[in-house]
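To keep things clear, I will list the structure first and then write my remarks on it.
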């Protein structure tokens with residue numbers, strides 16, 4: 001028997017310590033925070049294995065992931081601030097720091113990562129494209145965990161649907177999401193990112209004797225942001241002003257990143273293949 005829809009009523013909190021308990025009272029551990037952290041831990045372990053094969057020190061790996069964490073968070077927050085709600089946050093600048101209240105943009109995170117990896121590469125005398133290729137493998141896996149965190153938060157919801165896997169998001173902030181089934185676009189995007197991770201991971205390990213610089217990063221940019229562009233057609237606008245646009249902000253921001261990926265792939269095709277290890 002097929003379900004007409006799925007009722008999603010999962011709490012975003014794993015557990016909460018009551019406020020009357022001394023010192024730690026009022027503390028909540030949320031699924032989003034746990035999944036965000038798991039994405040970085042999983043990525044770290046995978047890159048650690050890759051770097052050991054390439055004879056890169058564990059200390060350098062630790063520094064790299066520190067850059068990744070800091071610049072991802074800063075980029076994602078500032079991306080949301082300036083891409084989606086600039087007027088509000090310019091009027092309330094101190095709230096920019098309140099990341100625990102939500103508001104992180106993946107396009108901003110991408111720009112933050114590009115900047116962080118550039119600074120890392122310069123300081124550690126690594127070719128920028130070398131760093132981008134390696135990190136391109138694990139970033140989609142982090143994206144998978146983050147989108148599953150969005151699911152647990154009942155946010156970034158799709159348009160209404162009659163498909164049997166539509167979700168009724170009982171805990172969503174907007175009441176219309178709690179009364180009818182909507183596309184679970186968080187799951188669509190998470191699965192797309194997971195497949196991209198498997199592909200890039202497979203490509204790296206099967207081309208260690210003839211890997212062209214930029215190939216992994218180019219594939220990453222094209223695949224990730226093409227998936228994002230297409231899935232956006234099924235999403236509800238994140239901000240009311242997007243309803244009047246032919247393409248929403250997520251799609252507009254994806255186009256130059258897709259073109260960048262295509263340009264990198266064209267450039268990569270002209271490079272000499274290198275042996276990884």
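Is there a residue being assigned to a strand (DSSP E or B), surrounded by fewer than 12 Cβ atoms within 10 Å (Cβ to Cβ) and modelled with pLDDT under 90 anywhere in the stretch 7-19?
Within the stretch 7-19, one or more residues are assigned to a strand (DSSP E or B), surrounded by fewer than 12 Cβ atoms within 10 Å (Cβ to Cβ) and modelled with pLDDT under 90.
Return the pair list, or none, for Cβ contacts closer than 7 Å from residues in the stretch 230-244 that are within 21 Å of residue 86 (Cβ to Cβ) to residues that are assigned to a helix (DSSP H, G or I), at least 6 apart or on different chains.
Partner pairs satisfying both residue conditions: 232/250; 232/251; 235/185; 237/243; 242/249.
Looking only at residues that are surrounded by 21 or more Cβ atoms within 10 Å (Cβ to Cβ) and part of a loop (DSSP other than H, G, I, E, B) in the stretch 184-216, which one is nearest to the chain's Cα centre (by Cα)?
184
I need the full set of residues from the stretch 263-277 which are in a helix (DSSP H, G or I) and surrounded by fewer than 13 Cβ atoms within 10 Å (Cβ to Cβ), in order please.
Result: 266, 269.
Considering only the stretch 60-81, how many residues are at pLDDT 90 or above and over 21 Å from residue 37 (Cβ atoms)?
Residues flagged as at pLDDT 90 or above and over 21 Å from residue 37 (Cβ atoms) within the stretch 60-81 amount to 1.
Kindly establish whether residue 87 is assigned to a helix (DSSP H, G or I) and touching a helix residue (DSSP H, G or I) at 6+ places or on another chain (Cβ under 6 Å).
Taking the combined requirement at face value, the residue does not satisfy it.
The values are calculated or read from the model by the stated rules, or taken from the named source; none is laboratory data. Quick caveat, the model's predicted, so the values are computed rather than measured. Here the Cβ is made from the backbone with ideal geometry for all residues, glycine too, and neighbour counts use every protein chain on show.
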